[in-house]
Amino acid sequence: MSKPSKKILTFLLAGGILAAGVAFQSRYQEPAPLRPAVPVLAPAARTEGLGASLLALDRKAFSVLHYGKPSPLDYVFGWTTFLGTKACLLVLIFLFMAIWDPSCLWRRFGFVAAAVLIQEGLVNLTKMISSRPRPFMDFQQGALPGMETVRVLFHPPTSQSFPSGHAAGVFCAAYLLNRLYGGKLPFLYVLAAVIAFSRIHIGVHYPADVLAGTALGFLCGHLSWKLWERARTAKGLKPQVE
C-alpha cells in the first residue's frame, strides 16, 4: 500500500472513531418529539412569481429526497452528518493535516480554521436574514402526497434553515485543503457531498439550503485563499502549492 493510501486510511479511521463516538452518544438519547408543524399555506397565499415557483420546486424535491421511514441509511447518514458539526470538523481537519503533512501544521491549520469560522458567521447572518423555517416546521401531516411527516433524526435544531452550515463548512474545508495540497484530495469533495446530502435525509434542510451552503462554502474558501496568497506575497514568500 502506498504512503498516501495509508494516510487516507488513517485519517478515515480516526474520523470514523470520532464521529461514531458522538453518534453513539446521541443514539442513546431518546429523539426529541417533532415540533408542531406550521400549517402549509396554499400557493395562492404565497408570493406569486418565480420565487414562489422555486420554493414549490424545492419543497417537492425535499419530499422526493427525504425518505420519511426508518431505513438502514439512517445509520449511514446519521453517522456522517456528525462529521460536519464545527467542533468535529475542526478536529478532523487538524488530524488530517497532522497525518498528511505535518510541516507548517499550526499556521496552515489556523488559516483553514479561521476561514471555516468566518464562513460560519456568514452562514448565521444569512440565516437571520432569510428566516426560513426548517422542513419539519414547514410541513404539516399530509401536506404533500406521499409525505405523511418529516422524520427528524436526533434532536431538531433550533436555528433557521437557509443556508446549510454543514454544507458550507465541509466544502469550504475541502476546497482549502485541496488548494494547500495541490489538488491531490478529490475524495474530500465526495465526503463533503455525502455530509451535505445527509442534512436532507435526516430532515433538517431543503435541497436549496444545501446547494446554497455549498456555493457559500466554495466562495468563502476561494476568497480566503486569495487573501492568504496576497498576504504571503506581501511578505515576500513564494506562492503556496496549488
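The values are calculated or read from the model by the stated rules, or taken from the named source; none is laboratory data. No experiment lies behind these values; they were computed from the predicted model shown. Glycine also receives a Cβ, built like all others from the backbone with ideal geometry; neighbour counts cover every protein chain displayed. For accessibility, only protein heavy atoms count, side chains too; no ligands or nucleic acids. Shrake-Rupley method; radii C 1.70, N 1.55, O 1.52, S 1.80 Å.
Tabulated data for the structure shown
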| quantity | calculated |
| --- | --- |
| With every protein chain in place, segment 193-236: carbon and sulfur % of accessible area (1.4 Å) | 71 percent |
| Per-residue SASA entry for Arg132, accessible area with 1.4 Å probe, Å² rounded to 10 | 30 Å² |
| Three-way shape call for segment 73-135 based on the alpha-carbon gyration tensor, with the a/c threshold at 1.5 | oblate |
| Peptides 166-175, 205-214 ordered by average Cβ neighbours within 10 Å, highest first | 166-175, 205-214 |
